[in-house]
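Visitor: Handing you this structure, nothing more for now.
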Amino acid sequence: MTDLPIIHLRRIEANIIKPIYEAMVAALGEEKARKILQDAIVKNAVEQGRGLAAQLDRPNDLAGFASLLPNWSKEDALRIEVLEQSDESFDFNVTRCRYAEMYREMGLAEIGHILSCGRDGAMCQGFNPDIDFQRSQTIMQGAPHCDFRHRLNKAD
């Protein structure tokens, strides 16, 4: 993982993606452009999750996953309230998301959930396919907080 705070990396990516996305919308229509973007982001997130698991010097369980969270929170990018953390679950709420603020400032609010939020579940699957990820709301799409819920499905 790079030392560059992820919020800065996402800004760089968004600056590159914005004109490409706009050209895809003009050529293909909004629905098809969003689908292409979403598929590419999900594929990248799975690969990123696998890479993070491979780099981790500990098991890729929920504790290992939780140890990565500061990478996304650097520079107050996320304000997080941990609700539960155990071997079987890791639940937290995001109460402030500077990623959402950044995408709005960049004029990308309509696809910010694809660029950031859409990565979360896919990254978990790449990191460890036994992690079940659920989220019912995001700040990016207007909720007062994001509710991240992770469960480790242990093999019988």
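Visitor: Which one of these is of a type outside the set (Val, Ile, Thr) and either closer than 30 Å to residue 79 by Cβ or surrounded by 14 or more Cβ atoms within 10 Å (Cβ to Cβ) (or both): 40, 23, 27? Walk me through how you get there before you give the answer.
Guide: Numbers: 23 fails: either closer than 30 Å to residue 79 by Cβ or surrounded by 14 or more Cβ atoms within 10 Å (Cβ to Cβ) (or both); 27 fails: either closer than 30 Å to residue 79 by Cβ or surrounded by 14 or more Cβ atoms within 10 Å (Cβ to Cβ) (or both).
One residue alone meets the criteria, 40.
Visitor: Please give the helices (runs of 4 or more DSSP H) falling wholly within region 1-103 in which 2 or more residues are acidic (Asp, Glu). Walk me through it before giving the result.
Guide: On the way: elements: 6-28, 30-55, 62-66, 69-73.
Hits in region 1-103: 6-28, 30-55.
Visitor: Given the criteria under 17 Å from residue 12 (Cα atoms), among the aliphatic types (A, V, I, L, M), surrounded by 15 or more Cβ atoms within 10 Å (Cβ to Cβ) and touching a Lys or Arg at 6+ places or on another chain (Cβ under 6 Å), does residue 77 qualify? Steps first, please.
Guide: Working: under 17 Å from residue 12 (Cα atoms): yes; among the aliphatic types (A, V, I, L, M): yes; surrounded by 15 or more Cβ atoms within 10 Å (Cβ to Cβ): yes; touching a Lys or Arg at 6+ places or on another chain (Cβ under 6 Å): yes.
So residue 77 passes the test.
Visitor: Moving on to the next point. Could we say that residue 33 is at pLDDT 95 or above, farther than 23 Å from residue 146 by Cβ, small (Gly, Ala, Ser) and touching a helix residue (DSSP H, G or I) at 6+ places or on another chain (Cβ under 8 Å) here? Reasoning before the result, please.
Guide: Working: at pLDDT 95 or above: yes; farther than 23 Å from residue 146 by Cβ: yes; small (Gly, Ala, Ser): yes; touching a helix residue (DSSP H, G or I) at 6+ places or on another chain (Cβ under 8 Å): yes.
It is true that residue 33 is at pLDDT 95 or above, farther than 23 Å from residue 146 by Cβ, small (Gly, Ala, Ser) and touching a helix residue (DSSP H, G or I) at 6+ places or on another chain (Cβ under 8 Å).
Visitor: Can you tell me which of 65, 92 is of a type in the set (Phe, Trp, Tyr) and free of Cβ contacts under 8 Å to residues at least 60 places away in the same chain? Step through it out loud before you land on a result.
Guide: Values: 65 fails: free of Cβ contacts under 8 Å to residues at least 60 places away in the same chain.
None of the others qualify; the one that does is 92.
Visitor: Moving on. For the subset of region 45-69 comprising residues that are among the aliphatic types (A, V, I, L, M) and in contact with a Ser or Thr (Cβ under 8 Å, 6 or more places away or on another chain), which member is nearest to residue 10 (Cα to Cα)? Please lay out each step first, then the result.
Guide: In the first step, residues of region 45-69 are kept if they are among the aliphatic types (A, V, I, L, M); the result is 45-46, 52-54, 56, 62-63, 66, 68-69.
If we keep only those that are in contact with a Ser or Thr (Cβ under 8 Å, 6 or more places away or on another chain) too, we end up with 56, 62.
Numbers: 56: 22, 62: 24 Å.
It comes out as 56.
Visitor: If I ask for residues that are under 12 Å from the mean Cα position of the chain (by Cα), within 16 Å of residue 85 (Cβ to Cβ) and without any contact (Cβ under 8 Å) to a residue 60 or more places away in the chain, which ones from region 122-139 would you list?
Guide: If the condition is that a residue be under 12 Å from the mean Cα position of the chain (by Cα), within 16 Å of residue 85 (Cβ to Cβ) and without any contact (Cβ under 8 Å) to a residue 60 or more places away in the chain, then 133 is the only one that fits.
Visitor: A follow-up question, please. Could you check residue 141 against (1) surrounded by fewer than 17 Cβ atoms within 10 Å (Cβ to Cβ); (2) over 20 Å from residue 43 (Cβ atoms); (3) modelled with pLDDT of 95 or more and say which number it fails?
Guide: It fails just one condition, (3).
Visitor: Looking at (1) farther than 19 Å from residue 38 by Cα; (2) surrounded by 16 or more Cβ atoms within 10 Å (Cβ to Cβ); (3) in contact with a Phe, Trp or Tyr (Cβ under 8 Å, 6 or more places away or on another chain); (4) not hydroxyl-bearing (Ser, Thr, Tyr), which is the one condition that is false for residue 66?
Guide: The one condition residue 66 does not meet is (2).
Visitor: Next question, about the same structure. Just checking, how many residues over region 69-83 are touching a residue at least 60 places away in the same chain (Cβ under 8 Å) and of a type in the set (A, V, I, L, M, F, W, C)?
Guide: Adding up the residues that qualify gives 2.
The values are calculated or read from the model by the stated rules, or taken from the named source; none is laboratory data. Note that the structure is a prediction, hence the values are computed from the model and not measured. Cβ atoms come from the backbone with ideal geometry, glycine included; neighbour counts cover every protein chain shown.
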